[in-house]
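A quick write-up on the structure given underneath.
The values are calculated or read from the model by the stated rules, or taken from the named source; none is laboratory data. The model shown is predicted, which means the values in this text are computed figures rather than measured ones. Glycine also receives a Cβ, built like all others from the backbone with ideal geometry; neighbour counts cover every protein chain displayed. Heads up: the accessible areas ignore ligands, DNA and RNA and are worked out on the full protein's heavy atoms, side chains in. Shrake-Rupley method; radii C 1.70, N 1.55, O 1.52, S 1.80 Å.
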Amino acid sequence: MAPIRQTTGASHAAILGIGTYRPSRIIPNAEVVEAIDSSDEWIQQRSGIRQRRWASPEETVQSMSVDAARIALERARVDARQIDCVIVATVTHMYQTPAIATAIAHELGTDQAAAFDISAACAGFCHGVALAADMVRGGSAGHVLVIGVERLSDLTDVGDRGTAFIFADGAGAAVVGPSDTPGIGPVVWGSDGEQFDLIRQKEDWRDVVASENPQMPHLVMQGNAVFRWASFAMAKIGQQALDRAGVAIDDLDVFVPHQANMRITDAMARAMKLPERVRIARDIAEQGNTSAASIPLALDRMIEEGDARSGDTALLIAFGAGLAYAAQVVTVP
Ligand SMILES: CC(C)(COP(=O)(O)OP(=O)(O)OC[C@H]1O[C@@H](n2cnc3c(N)ncnc32)[C@H](O)[C@@H]1OP(=O)(O)O)[C@@H](O)C(=O)NCCC(=O)NCCS
């Protein structure tokens with residue numbers, strides 16, 4: 001048996017910079033309720049959403065990703081040619097193959113970086129950060145670009161009162177690379193496939209094609225069951241991520257949960273007994289639920305508004321269709 005040499009990478013990995021893209025079209029609740037039996041007041045009370053952004057035809061999954069990535073690279077002071085791998089978390093790239101990651105890696109000018117998409121829905125960005133940290137420490141990549149991007153407006157039935165007001169579009173990117181100190185804690189992740197049906201595309205593409213009246217297979221969701229699962233089960237996952245990172249809750253500065261519903265965020269904060277001083281991401285009010293893009297969008301807004309500062313300790317927790325979830329503690333770049 002020939003000995004196989006192993007690689008080791010950097011001692012530690014960290015997020016070196018993040019960047020985002022918010023589509024230009026702002027859709028207030030008043031516009032959404034034109035097509036559903038609902039009201040601005042109900043939507044704000046039950047979800048905390050005041051408005052969301054939906055992409056125009058020119059704001060594609062690729063263009064939004066590239067714009068967000070360029071900002072992240074600039075802030076990280078990393079050249080595109082230093083990126084060895086591009087991971088794109090998305091469920092709204094409409095080609096089954098090839099992955100949009102290869103086109104993004106090319107447009108950014110990487111030196112033929114490895115590039116692939118991952119499908120972990122709203123948990124995708126935290127899955128990507130976990131993979132990237134392990135790649136940097138394991139030696140399979142020097143720098144990794146992680147992108148969370150969605151055009152959920154393509155998969156949203158504007159006439160479905162259970163989902164029309166929730167989903168939105170946007171992109172967020174993070175450059176993960178070597179660091180002198182640990183900047184990304186151990187991931188706590190998992191899945192519950194018994195609840196596979198709770199949020200999903202309405203039907204298989206083959207059924208769409210076979211249908212007499214083909215329709216886009218929009219997302220359907222059992223909102224209340226998802227709400228109950230996320231509010232209770234996810235607080236435990238957040239605590240486990242803190243425990244695995246060896247970070248006491250009193251040392252946490254920032255909490256960035258997936259932006260699914262303001263009431264889920266509040267329920268998690270209560271269940272985790274987050275101290276008052278911990279700043280909480282509330283991007284959902286202006287941005288809606290952008291699935292894989294929601295955590296980098298929410299963190300970036302906190303950085304811009306001074307609620308998260310470089311060096312702060314942040315807990316990220318993402319959850320969604322699958323059901324799939326992932327959480328980790330990170331240092332704010
Ligand atoms: C979708 C969501 C806001 C609905 O809120 P909810 O409190 O669970 O509401 P329910 O589905 O239990 O419905 C409560 C009532 O509101 C009504 N209702 C539902 N949607 C409505 C709407 N858009 N406007 C007005 N009323 C609505 C229902 O008909 C029901 O009426 P009833 O009591 O007379 O039967 C909430 O379940 C949610 O946010 N779930 C998680 C969604 C999510 O995060 N998805 C992505 C996962 S990452």
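Stretched out straight at 0.36 nm per residue, the stretch from ASP207 to ASP307 would grow longer than its current Cα-Cα span by 31.3 nm. How large is the translational diffusion coefficient of the stretch 244-303 in µm² per second when you combine the Kirkwood radius over alpha carbon pairs with Stokes-Einstein at 10 °C and 1.306 mPa s? Stokes-Einstein gives a translational diffusion coefficient of 132 µm²/s. Residues whose amide H falls under 5 Å from that of ASP117, counting only those 5 or more places apart or on a different chain, are VAL88, ALA101, with hydrogens built in the peptide plane. Label sites at GLN44 and PHE116, each approximated as a point 7 angstrom past Cα along Cα to Cβ, lie 4.6 nm apart. Normalising by the residue count of the chain, find the relative contact order in percent from Cα pairs under 8 Å and 6+ residues apart. Rounded, it is 25 percent for the chain.
Multiplying the residue separation of ILE4 and ASP79 by 0.36 nm and removing their Cα-Cα distance gives an extension gain of 23.8 nm. Would you mind calculating the gained length between GLU58 and THR97 on full extension (0.36 nm times residue separation, minus the Cα-Cα distance), in nm to one decimal? Full-extension gain reported as 11.9 nm. Exposure here means at most 11 other Cβ atoms within 10 Å; with GluC sites (Glu not before Pro) in a DSSP loop as sites, the longest stretch of the chain lacking them is 59-211.
Take the Kirkwood radius over Cα pairs of the stretch 12-179, plug it into Stokes-Einstein at 37 °C and 0.692 mPa s, and you get 198 µm²/s for translational diffusion. With contributions of -39500 (n - 2.57) from each DSSP H run of at least four residues, the per-residue ellipticity at 222 nm computed over the chain stands at -9500 deg cm²/dmol. When every alpha-carbon pair in the chain is counted, what percent end up more than 39 Å apart? Roughly 10 percent, rounded to a whole number.
Counting only protein heavy atoms and using a 1.4 Å probe, the accessible area of TYR21 comes to about 50 Å².
Across the accessible surface of the stretch 188-331, with the other protein chains kept in place and a 1.4 Å probe, carbon and sulfur atoms take up 48 percent. Here the chain is treated with +1 on each Lys and Arg Cβ and -1 on each Asp and Glu Cβ, and its dipole about the Cα centre works out to around 700 debye. Taking R0 as 41 Å, what's the FRET efficiency between GLU276 and ASP37 from their Cβ-Cβ distance, rounded to 0.05? The formula returns an efficiency of 0.60 here. Think of the chain as a dipole: +1 on every Lys or Arg Cβ, -1 on every Asp or Glu Cβ, centred on the Cα centre; then among MET216, ALA298, SER140, SER140 lies furthest on the positive end. In loop segments of the stretch 170-226 as defined by DSSP, the chymotrypsin sites (Phe, Trp or Tyr not before Pro) with at most 14 further C-beta atoms inside 10 Å of their C-beta are PHE196. Suppose the Debye formula is applied to equal point scatterers at every Cα of the stretch 188-331; what is log10 I(q)/I(0) at q = 0.12, 0.13, 0.14, 0.16 Å⁻¹? So the normalised log intensities are -0.52, -0.59, -0.67, -0.83. If I build a Gaussian network model for the chain, linking alpha-carbon pairs within less than 10 angstrom, which residue out of MET262, MET216, MET135 has the largest mean-square fluctuation? Most flexible of the set in this elastic network: MET216. How many angstrom lie between the Cα centre of the stretch 1-57 and the Cα centre of the stretch 298-333? So the two Cα centres are separated by 12 Å.
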